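One structure is given here, and the rest of the page talks about it.
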Amino acid sequence: MNHLRGIYTIWYRDLLRVWRDKLRMASFLAFPLLFLVVFGSGLSSTMGMLAPGVDFSKFMFPGIIGMTVLMTSFMSGVSIVWDREFGFLKEVLVAPVSRVAVAAGKTLGGATIALIQGCLILLFAPLFGLTLSPGVLPQLLPTMFLVACALSAMGIFLASLIKSLEAHQAVVQLLMFPMIFLSGVFFPVDNVPAWMNVLVKINPATYSVDPIRQLMLGPESASALGITIFGHTMTIGEDLMIVAGFGLIMIILAMWSFGSQE
Amino acid sequence: MPKSHIIEVKNLVKKYAKLVAVNDISFAVEEGEVFGLLGPNGAGKTTVISILCTLSKPTSGGASINGFDIVRQRSQVRQSIGLVFQDPSLDEQLTALENLEFHSRVYNVPASVRKERIEQVLGMVELWERRRDIVKTFSGGMKRRLELARGLLHYPKVLFLDEPTLGLDPQTRRRLWEFILNLRQKEGTTVFLTTHYMDEAEYADHIAVMDYGQLIALDNPERLKGTVGGDVINLSTVDNQKAQAELKERYQIQAGSDNEQLSFEIANGDRFIPTLIRELDTEISSISLRRPTLDDVFLKLTGHRLRDEAAKGELKDIVRQLGRRQRRR
């Protein structure tokens, strides 16, 4: 009961802060939309069809949803670095709330915000020629939330080790962008050079983007664009198992890291 | 073990890589008293507080607060204490009310009394009117008052104040102290504070003096001042060296020399001044007498003044705050 209240309080505060800073939230939306409009429209005619009935815009849209969720989740860790910088982290760390609850609350907060951001982008789907059948949403939203939780846990774990905003910036540049670029957001990853193939396959983001794309584009096109490992094409369930496993490791690391904070 | 000891510290040691920040200190604090930990910046005061507040672990030795062990019963210790940090620790993006609501939830203040308590503490620090304002818009003094209100919200047994009035104007400092003393009287809260302001330490019932990680004195302010041995006379003359020699020869007084001034302690100084003026061969250019302060105690105990260090510390603090403000935008 105590744990739940702690988790809820920390989650609620993170959401309240974002609500206060709506302008920043809106600016995070501008970036993926810019990608969609510029690259989607610019490259669609040159790239032709990537799979039956899937032009570049349609291909990229689910990727951008994934990217938005990944980036927002990853960046949610920055709130911890800010809290450290401005002292509020101390208020949290001396409170009679278990550190496990702190890590869980932070992860859920980041994941919720990422899910909301992803949903806001999702509203633009019709503009890019995608129609979502209502039956997909009950699968798509939990998928996005799972991805958001896993990546938030990673963001929170990394941020708990980082002491300054500058260092956090560097980690974001060095880790987040390669993860996104090598996840199949911008191009199909089944025909890449061998060295890149390895990076793509060990990248947890790959297995985050793939299920979102499969759900949004339907099973037929998915088979043409899917991730194959040793000749086996990953199903949505298998992707999500990997994401969940990764998230579990990350949340345990985050809880451990918070537990040993001084 | 008498139950009235709300804080007990035994052989506490904290070592960082090379530095011994706290070197084997022991003391006890009685329930309901104001206990001052005094010392220059870097003496180890903040380290002691952060260990007592369970923010860092002792290298060896231990302590208990309200009967709970600070290492093994962290949660109970945290529930028993309130904290006002040296550096701000509010969420400046939220309103005063939201900061207090967050605090009351994480400290398990029952929902039924939450509203009433928040109103009470905000009223006490005179911020009730501003409760819906974003903390970022508050002045330094208001933020500190809000932190104090927050520290009291869960009715802690012990309130820790780490340099509570650092960087505040004298009027705000006085007001804060009124609150603190009032609180002790009404709620019986034990107050544990660190400071390098001498006049603040004098509010305390007991004072522990720290220097270089060690406890060098522990007593009430009056008795500590008593160790100085009477009044302090400051003297400046046309030739201080000659006057110093003369004082030693004629009155067996060992005068310290500090910034163009000689100073020494003597009982009944007011009677001694006329004699001195009459008898001293070296021409006196100024002479003054004052009651001893804790600063004199500190000088006597350590051989160096507290005030120079304090001034440096404050400058450091200002620079740090400026840096922070710049980074914000």
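The values are calculated or read from the model by the stated rules, or taken from the named source; none is laboratory data. This is a predicted model, so every value here is computed, not measured. Every residue, glycine among them, receives a Cβ derived from its backbone with ideal geometry; neighbour counts consider all protein chains shown. When the accessible area is computed, the model is the full protein with side chains, heavy atoms only, and any ligands, DNA or RNA have been set aside. Shrake-Rupley method; radii C 1.70, N 1.55, O 1.52, S 1.80 Å.
Placing pseudo-labels 7 Å out from each Cα toward the beta carbon at B:Ser288 and B:Lys242 gives an inter-label distance of 2.5 nm.
With the simple model of a label 7 Å out from the Cα in the direction of the Cβ, A:Ile116 to B:Glu187 spans 3.3 nm. Highest GNM mean-square fluctuation among B:Ser26, B:Ser139, B:Ser112, for chain B modelled with Cα contacts below 10 Å: B:Ser112.
Distance from the C-alpha centroid of the range B:201-269 to that of the range B:63-97: 38 Å, rounded to the whole angstrom.
Computed over the range A:2-259, relative contact order equals 27 percent, with contacts defined as Cα pairs under 8 Å that lie 6+ residues apart.
Rg/Rh, computed from the Cα trace of the range A:3-130 with Rh as the Kirkwood radius, has the value 1.12.
Gap in Å between the Cα centre of the range A:70-111 and the Cα centre of the range A:214-262? Here the answer is 23 Å between Cα centres.
Model label sites at A:Arg24 and B:Gln214, defined 7 Å from Cα along the beta-carbon direction, differ in position by 4.8 nm. When +1 charges are put on Lys and Arg Cβ atoms and -1 charges on Asp and Glu Cβ atoms, the dipole computed for the protein assembly as shown relative to its Cα centre reaches about 1220 debye.
The range B:24-54 and the range A:183-205 have Cα centres separated by 56 Å. With 25 Å as the limit on Cα-Cα distance, the pairs of A:Lys106/B:Lys157; B:Lys115/B:Lys157; B:Lys18/B:Lys300; B:Lys45/B:Lys157; B:Lys242/B:Lys300 that go past it are A:Lys106/B:Lys157; B:Lys18/B:Lys300.
Once the Cβ-Cβ distance of A:Ala125 and A:Asn191 is raised to the sixth power relative to R0 = 25 Å, the FRET efficiency obtained is 0.40.
In chain B, a dipole from Cβ-located charges (positive for Lys and Arg, negative for Asp and Glu) runs towards its positive end, and of B:Leu181, B:Leu294, B:Tyr155 it is B:Tyr155 whose Cα lies farthest in that direction.
Grouping the Cα pair distances of the range B:64-153 into 10 Å bins from zero gives a pair-distance distribution of 17, 46, 28, 9, 0 percent in increasing distance order. For the residues of A:77-90, the average number of beta carbons from a partner chain within 10 Å of their own beta carbon is 3. What the range A:2-259 shows is 42 Å² of accessible area per residue, with the surface traced by a 1.4 Å probe over protein heavy atoms. Out of every Cα pair in the range A:132-199, what percent are spaced more than 16 Å from each other? Tail of P(r) above 16 Å: 65 percent of Cα pairs.
Where the alpha-carbon atoms of chain B are placed on the principal axes, they occupy 76, 45, 41 Å, in descending order.
For a straight C-alpha distance cut-off of 12 angstrom, the aspartates and glutamates reachable from B:Lys14 (same-chain residues fewer than eight places away being disregarded) are B:Asp24.
Residues in the range B:283-290 carry Karplus couplings, in order, of 6, 8, 9, 7, 8, 9, 10, 9 Hz; the curve used is 6.51 cos²θ - 1.76 cosθ + 1.60 with θ = phi - 60°, and Gly or Pro positions show x. Here's the list of lysines a cross-link from A:Lys58 could span, going by alpha-carbon distance under 26 Å and ignoring same-chain residues fewer than 8 apart: A:Lys201. Legend: mean number of C-beta atoms from other chains within 10 angstrom of residue C-beta atoms, peptide B:101-109, equals 6. Working note: Karplus 6.51/-1.76/1.60 with θ = phi - 60° gives the range A:125-136 the couplings 3, x, 4, 9, x, 9, 10, 9, 6, x, x, 6 Hz, where Gly and Pro are set to x. Computed from the C-alpha gyration tensor, the three semi-axes of the ellipsoid equivalent to the range A:2-259 are 32, 19, 17 Å, from longest to shortest.
One compactness figure for the protein assembly as shown is 1.27, namely its Cα radius of gyration divided by 2.2 N^0.38 Å.
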